[in-house]
1. In nm, give the distance between the simple-model label positions of residue 228 and residue 118, each being 7 Å from the Cα along the Cα-to-Cβ direction.
2. How many angstrom separate the Cα center of the stretch 140-172 from the Cα center of the stretch 1-68?
3. Kindly state, to the nearest 0.05, the FRET efficiency for residue 169 paired with residue 136, given R0 = 45 Å and r defined as their beta-carbon distance.
4. Residue separation times 0.36 nm, minus the C-alpha to C-alpha distance between residue 146 and residue 7: what's the value?
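All of the numbers you see were taken from the coordinates with simple rules; none came from a lab. In this text, all values refer to a predicted model and were calculated from it rather than measured experimentally. In this analysis, Cβ positions are derived from the backbone assuming ideal geometry, glycine residues included, and neighbour counts consider all displayed protein chains.
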């Protein structure tokens, strides 16, 4: 009794064509690797400076094509053809010529991981190109996060250093002379009893200015300092924003440190100069 004939439909024919096409591409890769091995052998035998001429006259290859085929052999050949360790050739043995070429840009270990995670053997050229593009974008995003983390770490170190220096300067600063009238005035305006723990603002010893245009210098100095503070504050808020997504608890700790610093600066600039005028030394 004759075996029943499989019904020939466009779907069946398309599947057969795809299978033959895939097999052809794999055969093409095998042959390309074999050619690459022989090109490498020939390159070692051809005299120096005659490689390009030999390629053109003997096999009609450009040096670019030859180098690409040699690269295919170097990256895939030892495991794909020689059979020294066929247990490791499973992943690459399912590649087509086009897939193997597209994957040449990846280091060997990363290539193995990529092939295993993405089922490259079943991908079209466009799908593989998109997957590689997505991988590059993910790596770029990862590198950007690392760079931001480094900037964040540096910013936090700067903040800590600034706070420590301010505390040190505050401890070294001489206390201003106590003026009962000033204390009474301050107490009545704030409604808060004076505390012995409150730190007095530092007193500046200023020399008498004899330059009639001295105000220009100090206005410029104020502008420069304000810009520096604004730039630093932007860096601070950027660091706190990034830290929020990394370690919210650490962010809150650093926010409190920054807030204490800002409160100290706000109070100081509001009361500055101290009620008792700075000492002026005549030259």
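1. Here the modelled spin labels are 5.0 nm apart.
2. 57 Å
3. 0.40
4. On the way: separation 139, 0.36 × 139 = 50.04 nm, distance 5.88 nm.
So the chain would gain 44.2 nm between residue 146 and residue 7.
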